[in-house]
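The values are calculated or read from the model by the stated rules, or taken from the named source; none is laboratory data. Just so you know, these numbers come straight off a predicted model, no measurement behind them. Reconstructed Cβ throughout: ideal geometry from the backbone, glycine too, with neighbour counts over all protein chains shown.
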Ligand SMILES: [Zn+2]
């Protein structure tokens, strides 16, 4: 069940969000999937990166996720996790549903969260139905 939050966020099911796109198993940062194991290793033995390339590597991304695992995800973050479910048209589906907050979604996945606060874009009714219901309709 989605709940209204005065910040404008909706609390939605993390498992449903991950069915649309899982930042731990898919290559959302262009360095290959980071994976839960890499994040757990980062938590156990923090890495350092000394590369000249300004583009973050997998270790950089795992370190960012691990930071949120250690410190938590603030549901009142002024930059909320943003999800675009698109509209009911194949030509207008977003290529990736998480517009902002992939590291936080990954951290919440590692933490085993059930619900995640998100601001929704696209077909809001479809988004709420998909992200909060028990039955699949997409
Ligand atoms: Zn790096």
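Scanning the stretch 20-57 for residues that are free of Cβ contacts under 8 Å to residues at least 40 places away in the same chain, touching a helix residue (DSSP H, G or I) at 6+ places or on another chain (Cβ under 7 Å) and closer than 30 Å to residue 127 by Cβ turns up 31, 32, 38.
Restricted to the stretch 50-78, and to residues there that are loosely packed, with under 12 Cβ neighbours inside 10 Å and modelled with pLDDT under 90, the residue that is farthest from the ligand (Cβ to nearest atom) is 76.
Can you say whether residue 95 is closer than 19 Å to residue 129 by Cα, assigned to a loop (DSSP other than H, G, I, E, B) and modelled with pLDDT under 95, as far as the supplied structure shows? No, not satisfied.
Being away from the ligand (no atom under 12 Å from the Cβ) and part of a helix (DSSP H, G or I) is the filter; apply it to the stretch 39-49 and report the residue that is nearest to the chain's Cα centre (by Cα). Only one residue fits best here, namely 39.
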